[in-house]
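One structure below.
The values are calculated or read from the model by the stated rules, or taken from the named source; none is laboratory data. What you are looking at is a predicted structure, and each value in this text was computed from that prediction instead of being measured. Cβ placement follows ideal geometry from the backbone for every residue including glycine, while neighbour counts extend to all protein chains displayed. Just the protein is used for accessible areas: all its heavy atoms, side chains included, with ligands, DNA and RNA removed. Shrake-Rupley method; radii C 1.70, N 1.55, O 1.52, S 1.80 Å.
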Amino acid sequence: MAGKKRRTSTTTKASDPKQAGVSTKMARVDPMTVPELLASVLSFATQSTLASCAVVCKPWSDVGLDYLWRHLDSVFPLLELVLDMELLRDLESLAPNSLERLSSKLSRADWSRFQSYARRVRSLSYDYEKSYRGNSTVPSPGIAIAMFCAHHPSGLAILPNLEKLTWATDESTIQVLPFLSPRVISLEVELTGSVTSANDFFYALAGRIPDLANLTSFTLKTAIRALDIEGSLQRAISTWRNLEALKIPPFYLRPSILEAAASLPNLTILDQDYTHYPPYDVASTPQELPQDAFPKLETFNFDANPASAKRLVQRSSGLFTRLKTICLNAEDGVSDVEVLEFMRHLGATCPQVTKVSLDLSVEPTPERDGMTPLSVGVLEALFPCRDLEVLEIIHPFPLTINDSDVERMAEAWPKISNLYISKEPDLSLPIPGDMGNSLSVLQAFAKYYPMIQELGLFFAKDKGFTFSGDLYPEFEFHCLEKIYVGASAVPTEGLQDAGFLIASLCKLEPKILIGVGLPYAGIERPELDEYRCQWEETIKSLKFAMHIKKASRTRRSGIVN
C-alpha cells in the first residue's frame, strides 16, 4: 500500500554465524579461569581450602600452591620435600649410620620438585620452641640444613624469592644464613645461645653485603649483653645502608652501635624490643648524638633518666624537632621534679610529636622508696603538642585525673586515639585504696573523647561511683575497642553497676583487658587474683547490658521503618 512504511526490527541479527558463536563462547567464560580473578579470590582462602584447590586442575594448582607456600611458619615443610622427619630424629639421637643415610637420601632427592616449591616462599619463620604438626619433640634442623646446602644444586640460594625471615634459636645461628637472599627486606632473629654463636652470626652477616643490599628492617631479640657483641653487631649494622627500621633490646645503644645507626641515611625507626631484658648498662645511655645524625629519623626509643634525657634534647634539638615518636625508658632518677622538667622541655621543643611513651617502671631500690605519685602537671607539660595521638605513661604510682583534667586534655590534644596513664602501679608500694581514678571519670572521657579507641587507667578500689540506670546517656564512646584496667580493683559493692555503667557509655562492646605485664607489677600478690575475679563478674554484666542495648536499638529501628 502506497505511503505505508515497513516496520523495522529493533533487534540486530548477526550477519556472520561464526561471529555469533564467538559471542556465545565469550558470554560463557568462567570467571574463575581468569588468573587475576582466581588469585584475588584465593587470597582470602584458608590453608585447608588452598590445599583442596591445589588438586582441582593445573591453573588452580599453580595459584593455590603460590598462596599455600607463600608464608611458612616452620622450616620443616621445606626439609620434608627431600627427606623425612624420622631421619632427622635419628640424626639428633646419633643413631648408627644416620649421617650416611641422610647424605644418601639427599643425593637422590628430586631437586627440581624442591625448587618448584621453594620459589613460591616469600616469608619463613622458625622457632625452636614451637611444635610441628602437634609433635612436641621436634628435632633440631642444624646438621640437616648444613648437609642440605652441600647437596643443593644452587648451593646457598635455597629460597630465591624470600622477602621476610624470622628465626629463633638456642644454638648456632649459622643455620640462618642459607635462607638469606638478595630479595630479603626484613630479618628478625632471637638469639638465646652463646655469645660466640651470636658474634659469629653478625660477622657472617657483615660479610654478606651483596645478599642483604635490600634489607630495610632488622629486629634483634636477646638477653646477651650489648658489650659482648658490640663489635660484630656494629659492623653488621654499618653495612645495611638501606635499613629503615632497627629494633634492638634495651640498653643496646652503646656509643659504637649508636654511631653506626646514626650513619644510616634512610633510618626512620630506632626502636626497642622487650622480649628479653639484658643487664643494665650505663654506657647505653646516649649523652650526645653524632653531628648530622639520623637525617630521616622519625621514631626514637632510648634509655636515659629524665635529667640526662633533657640534656640530650637540648644538645640535639635539631633531631628532636623532627621526631614523630619519642619513647624514654628510665632506670633511675625518676623523681617527680625531674620528670616534670623533662616533660616541660619536651613539650616546648617537640610540639610536632604524635606519640610519647614514658616508662618509669624502675626496679625496687632504696632510692625508689622516696618516689611520689606524678602530678597532672606532667600531662599539662605536653599540652603544646597539638598533634598528639598516643600517650603512654608508666609509673609505680597511679596518676589521678578528674573531669576538668579530661576536658583540658581534649582541648589540648583533639587527635588522641590511644591513652594509657599509669594503669599498672606497683602494688608492693603503700598505695592507699582511694589513690587512682573513679569509674565515673569514664563519663568525662565519653563526653570529650568520643572517638578514642584504647584507654588504660588505674581505678581506685575505695572510690565510689554511681550509675543512674540510663543505658542511653547523652554522650557515648563511638569506637572504643579496649579498656586496659591493669591491676585495678572494682568496688566490691558495685560489680554489676560497673558493667552497666561501661555498657551505657559504649556504642560497641569494648574488650576489658585485665592483668599486668610489668615485672614489678607481676610479683605474686594474692589480691591480683581477687581483682581478676571482680572484673570477670563485671564483664558478664557488661555483656548482658550490651545485649539489652542491641535488642532495644533493633526494636526501635523496626518501629521507625
>> When you check LEU501 against the structure, is it open to solvent by less than 50 Å² (accessible area, probe 1.4 Å) and either free of Cβ contacts under 8 Å to residues at least 60 places away in the same chain or not in a helix (DSSP H, G or I) (or both), yes or no?
In response: no
> So which of GLU454, GLU509, GLU493, GLU424 ends up being surrounded by 17 or more Cβ atoms within 10 Å (Cβ to Cβ) and over 29 Å from ARG553 (Cα atoms)?
Replying inline: GLU424
> Can you find a residue in region 329-346 that is open to solvent by less than 10 Å² (accessible area, probe 1.4 Å) and within 24 Å of ASP462 (Cβ to Cβ)?
Replying inline: no
> Checking SER488 against (1) open to solvent by 20 Å² or more (accessible area, probe 1.4 Å); (2) hydroxyl-bearing (Ser, Thr, Tyr); (3) outside any strand (DSSP E or B), which test does it fail?
Replying inline: (1)
>> Based on this model, can you work out whether ALA309 counts as in a helix (DSSP H, G or I) and either under 16 Å from ASP271 (Cβ atoms) or open to solvent by less than 50 Å² (accessible area, probe 1.4 Å) (or both)?
In response: yes
> Residue check: is LYS296 among the basic types (Lys, Arg), open to solvent by 20 Å² or more (accessible area, probe 1.4 Å) and assigned to a loop (DSSP other than H, G, I, E, B)?
Replying inline: yes
> Exactly one of (1) in contact with a helix residue (DSSP H, G or I) (Cβ under 9 Å, 6 or more places away or on another chain); (2) surrounded by 18 or more Cβ atoms within 10 Å (Cβ to Cβ) is unmet by SER74. Its number?
Replying inline: (1)
> Which one of VAL121, VAL82 is out of contact with any helix residue (DSSP H, G or I) (no Cβ under 7 Å at 6 or more places or on another chain), part of a loop (DSSP other than H, G, I, E, B) and crowded, with 16+ Cβ neighbours inside 10 Å?
Replying inline: VAL121
>> Please go through region 198-235 and give me each residue that is open to solvent by less than 20 Å² (accessible area, probe 1.4 Å) and either farther than 23 Å from THR285 by Cβ or assigned to a helix (DSSP H, G or I) (or both), ordered by number.
In response: ALA198, PHE201, PHE202, LEU205, ALA206, LEU212, LEU215, ALA226, ILE229, SER232, LEU233
